[in-house]
Amino acid sequence: NDIQAIDTLIPAGQMGIFRGDKLRSLGMVSYLAEDVPQLASALQIPADRLTFDPSMGGAWIPIQVEVDGPIVSGSVDRVIRTIQREMDSRQVNFICLRINSPGGDASESVRLGGFLADLDPSRVRTVAYIPEEARSDAVVIALACDQTVVAGDAILGGPGAVTIGEQEIEDLTESVERIAEQKSRSWSITLAMIDPSLQVYRYTRAGSDEAVYLSADEFATRFANELVVGNDDATPIEGEWVRGEAITIPGKILELDGRRAEQVGFARFVVNDFNEFTQLYQLEDSPDLIGPNWAFEFIDKLASPEVAGILLFIGAFALMAELSSPGLGAGGFLAALCFTLYFWANYLNGTAEILEILLFVLGLSFIVIEIFVIPGFGVFGLGGAAMVLLSLVLAVQTFVIPTNSYQYDQFGRSLAMVASVMTGIVVGGFVLRKYLHRAPFLGRVMLMPPDDDTREELSRREALVDYDYLVDELGTTQTQLTPSGKARFGDVIVDVISDGDLIRKGESVRVIEVFGSRVVVEAVTKR
């Protein structure tokens with residue numbers, strides 16, 4: 001055929017620059033995609049398989065950062081500062097975010113997720129590694145990474161340390177969708193692991209092995225121009241999407257193990273241990289664990305159940321010794337130190353707040369009042385002991401009343417720790433009382449208890465006590481009589497009881513009746 005006309009596309013001496021639609025009209029491009037998920041759909045591969053390589057085929061400069069324990073403002077601040085510092089100083093291009101968290105403050109999880117999602121993917125690759133658990137809102141942090149790697153038996157989603165309310169879920173939804181869009185990932189699975197009302201279905205493309213796990217809303221957004229039929233309809237035409245059964249249970253938060261997370265597309269890989277992780281990404285050496293300084297590590301160690309239990313045991317035992325001896329001594333100082341460390345560590349670790357500290361201080365104050373001010377009634381003593389025990393339990397958990405399976409398990413562990421400490425104190429007190437006087441060196445700090453014969457002689461003497469000679473004698477109260485207390489008559493201090501009135505310390509009293517060892521007195525001003 002004769003050439004009718006010639007159009008110049010690229011003038012001589014210039015470089016050609018074409019838009020995608022122009023290239024397609026020229027037959028140089030077969031498909032146009034608006035984003036990574038559409039491109040992945042056209043190529044019939046998962047979207048997370050399309051990733052940038054910040055190393056440009058060179059060597060990785062990796063670090064490892066821990067997200068451990070409940071998600072709180074302080075822990076998120078430390079992670080963000082650590083990543084910023086390392087990226088500025090070492091040109092890090094690979095960040096392994098090691099997550100082991102029951103969730104916590106959802107807004108803080110979103111804040112950390114937003115920070116990770118905003119990192120330049122052409123400069124740094126972020127990979128979430130979950131060896132044990134990332135419950136509830138902690139999965140938002142994993143979503144914000146470029147890829148997620150899990151252990152086969154790791155727990156993802158489901159009930160966590162904090163129960164997220166409906167209004168909070170509504171606020172969370174927009175943030176999760178935005179993070180998912182930034183990372184070209186699906187948001188349905190992530191939200192289903194937080195929101196019990198969200199339903200997620202398995203969609204398969206007829207005539208191929210392509211499958212996606214999406215909510216109805218996300219599917220309609222991603223595949224707006226494609227047909228979908230139900231699994232109970234007629235045989236679908238090749239290329240049509242078929243919606244299968246929901247993988248979620250209405251009213252129940254989605255919880256996945258590591259292998260299931262890989263099947264539904266949330267996790268990229270499943271590994272057995274961290275060595276396999278390093279081999280998977282061809283890291284020459286294990287990434288340096290860049291964590292908090294020694295002070296934060298010290299706090300984490302103090303807040304661990306083992307050390308916390310030891311602090312409680314020593315503190316409670318020292319407090320009992322202090323309350324049973326006159327004045328203030330080493331026992332009071334040691335008890336104050338142990339309880340301060342216990343609440344301080346848990347406060348900085350995000351599980352204790354002002355409520356727990358106030359409960360403990362008030363409960364201890366009530367016990368002291370019961371012992372030294374108004375003995376004999378029991379209300380302050382029992383109430384104070386209950387407040388102290390409650391504060392010790394609440395200090396190691398992020399909730400007050402458990403509302404889900406995870407919280408019930410944590411509540412049981414908290415009770416078991418406090419109960420074991422109390423049992424240890426009772427047993428330890430019995431052993432020390434019985435055997436401390438026999439120990440070398442330590443025997444000098446405790447009087448030897450009387451033997452059976454001596455105890456029987458003391459009982460006989462006390463049974464024969466006679467205070468009849470005190471009738472009409474004048475004395476001075478050594479303690480406040482409310483109504484019982486002590487009074488001095490000459491050189492003798494006697495347990496007495498008032499005739500019904502409260503008598504202050506230092507007032508003069510007269511003995512009006514004696515019944516064996518029961519000495520009744522009245523204030524001398526009454527006569």
(request) Compute the projected area of the convex hull of the Cα atoms of the stretch 145-294, averaged over all viewing directions, and report it in nm² to one decimal place. (result) 12.1
(request) First select every other residue whose beta carbon is under 10 angstrom from the beta carbon of Thr190; then total the charges, Lys and Arg +1, Asp and Glu -1. (result) -2
(message) Using a 7 Å offset from the Cα along the Cα-to-Cβ direction at both Ser286 and Met28, what is the distance between the two label points in nm, to one decimal?
(response) 5.0
(request) Enter the mean projected area of the convex hull around the alpha-carbon atoms of the stretch 93-180, in nm², rounded to one decimal. (result) 5.3
(message) Using the Karplus curve 6.51 cos²θ - 1.76 cosθ + 1.60 with θ = phi - 60°, what ³J(HN,Hα) values do you get for each residue of the stretch 479-492, in whole Hz, with x for Gly and Pro?
(response) 9, 5, 9, 9, x, 9, x, 10, 9, 9, 10, x, 9, 10
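Using a 1.4 Å probe and counting only protein heavy atoms, arrange Met417, Met422, Met320 so the residue with the most accessible area comes first.
Ranking Met417, Met422, Met320 by accessible area, largest first, yields Met320, Met422, Met417.
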(request) Please report, in Å, the Rg and the Dmax of the stretch 346-404, where both are computed over Cα atoms only. (result) 13.2, 43
(message) Please give me the summed charge of the neighbours of Asp137: other residues whose Cβ is under 13 Å from its Cβ, Lys and Arg +1, Asp and Glu -1.
(response) -4
(request) Only Lys, Arg, Asp and Glu count, each charged at its Cβ (+1, +1, -1, -1), so figure out the dipole size of the stretch 75-114 about its Cα centre, rounded to 20 debye. (result) 140
(message) Skipping prolines and chain starts, which residues have an amide H placed within reach, meaning under 5 Å, of the one on Gly152, given they are 5 or more residues away or on another chain?
(response) Val271
(request) Sort the following peptides by mean Cβ neighbour count (other Cβ atoms within 10 Å, averaged over residues), highest first: 361-370, 256-265, 135-144. (result) 135-144, 256-265, 361-370
(message) Could you tell me the calculated FRET efficiency between Lys486 and Phe333, based on Cβ-Cβ distance and R0 = 25 angstrom, to the nearest 0.05?
(response) 0.35
(message) P(r) for the stretch 73-223, please, calculated from all Cα pair distances in 5 Å bins and given in %.
(response) 2, 9, 18, 22, 20, 15, 8, 4, 2, 0, 0
(request) Sticking with the crude label model, points 7 Å out along Cα→Cβ, report the distance from Ala419 to Met320 in nm, one decimal please. (result) 1.8
(request) Treating only the Cβ atoms of Lys and Arg (+1) and Asp and Glu (-1) as charged, compute the dipole magnitude of the stretch 207-290 about its Cα centre; round to the nearest 20 debye. (result) 260
(request) Quick one: which residues, 5+ away or cross-chain, put their amide H under 5 Å from the amide H of Val229? H built at 1.01 Å from N. (result) Trp241, Val242, Arg243
(request) Count the net charge of all other residues whose Cβ sits under 11 Å from the Cβ of Thr477, scoring Lys and Arg as +1 and Asp and Glu as -1. (result) +3
(message) Ratio of alpha-carbon Rg to the 2.2 N^0.38 Å globular estimate for the stretch 74-124, to two decimals, please.
(response) 1.17
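The values are calculated or read from the model by the stated rules, or taken from the named source; none is laboratory data. All values reported here derive from a predicted model rather than from experimental measurement. Glycine gets a Cβ as well: all are built from the backbone with ideal geometry, and neighbour counts include every protein chain shown. In case anyone asks, the SASA skips ligands and DNA or RNA and just uses the protein heavy atoms, side chains included. Shrake-Rupley method; radii C 1.70, N 1.55, O 1.52, S 1.80 Å.
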